Structures are given as C-alpha cells and as structure tokens.
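Scroll down for the structure; my scribbles are underneath it.
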Amino acid sequence: MKLYGLPNCDTVRRARAWLAARGLDCAFHDFKKSGVPPARLDAWMAALGWARLVNRQGLTWRRLPEDERERVVDAASARALMLATPAVIKRPVVEWRDGRVTVGFDEAQWTTFVR
C-alpha cells in the first residue's frame, strides 16, 4: 500500500493519521522530494481519469496564470501540468493492496477498504 502526496498537506496528514490509527502500514511518496512517477501518473489517469486528479479547487491551481489553466483540456495537457507542478494533483493518491486507486480522503469509502 502506498500513499502519494505532500507532507504538509492537511488532507494528507489526516489520511496518514487515519491509516496509522488502524495499524495499516503505508509507504509514503513525497511529491516535493521525489516528484511524480510518470508511469504511476499514467496508471492513475487510466484508473480515475485525468479530471479527477487535477485539483481545480486548490491554491496551486488558482495561482496558475489563466492561460495555463485554459490549456488543460485533455489527458495530455493535464499530464504535462501534473508532472511539472505536482502540487496541482488532488491529494492523497492511494494505491491500495488490492490494486484499487483512490484520490482524496474519504473516511467512509476507506473504511470499506480496510475491513
């Protein structure tokens, strides 16, 4: 099981604490230190779709120049942005032991995964 995100992100912190409280061992991949693994990003996009991965509500997205935001119209343009600016990815991305991939922290959904 692997969790991807930024260590200072409040949602990532809550997610990691939630997993730890349930005794679930989870490796952490820090986007800031290690970047976004291109092959993993491709797998997430295949599983979830690019639109679910781009955090259009976040500060990073809002700080992008408008013309740059307007260029994100398909998988290729979204992929390029996420590789160049990992903080624009909605967090956390979790690769569960059974192969499922989720984005964001949804306690109700996660509870069904760890039973």
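The values are calculated or read from the model by the stated rules, or taken from the named source; none is laboratory data. Quick caveat: nothing in here was measured; it's all calculated off a predicted structure. Because the Cβ atoms are built from the backbone with ideal geometry, glycine has one as well, and the counts that use them run over all protein chains shown.
Some values worked out for this structure:
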item	result
Filter pass, D42 being in a helix (DSSP H, G or I) and either over 24 Å from G99 (Cα atoms) or charged (D, E, K, R) (or both)	yes
Residue ID - farthest from G35 (Cα to Cα), chosen from residues in segment 1-14 that are surrounded by 15 or more Cβ atoms within 10 Å (Cβ to Cβ) and either modelled with pLDDT under 95 or in contact with a helix residue (DSSP H, G or I) (Cβ under 8 Å, 6 or more places away or on another chain) (or both)	L3
Condition met for F28 (assigned to a strand (DSSP E or B) and either in contact (Cβ under 8 Å) with a residue 24 or more places away in the chain or crowded, with 17+ Cβ neighbours inside 10 Å (or both))	yes
Criterion: more than 15 Å from F105 (Cα to Cα) and assigned to a helix (DSSP H, G or I) - qualifying residue of A20, A80, A15	A80
Where V36 falls short, out of the listed (1) assigned to a helix (DSSP H, G or I); (2) under 14 Å from the mean Cα position of the chain (by Cα)	(1)
Residue that is surrounded by the fewest Cβ atoms within 10 Å (Cβ to Cβ) [pool: residues in segment 97-115 that are part of a loop (DSSP other than H, G, I, E, B) and acidic (D, E)]	D98
The lone exception for V94 - which of (1) surrounded by 15 or more Cβ atoms within 10 Å (Cβ to Cβ); (2) of a type in the set (A, V, I, L, M); (3) in a helix (DSSP H, G or I) it fails	(3)
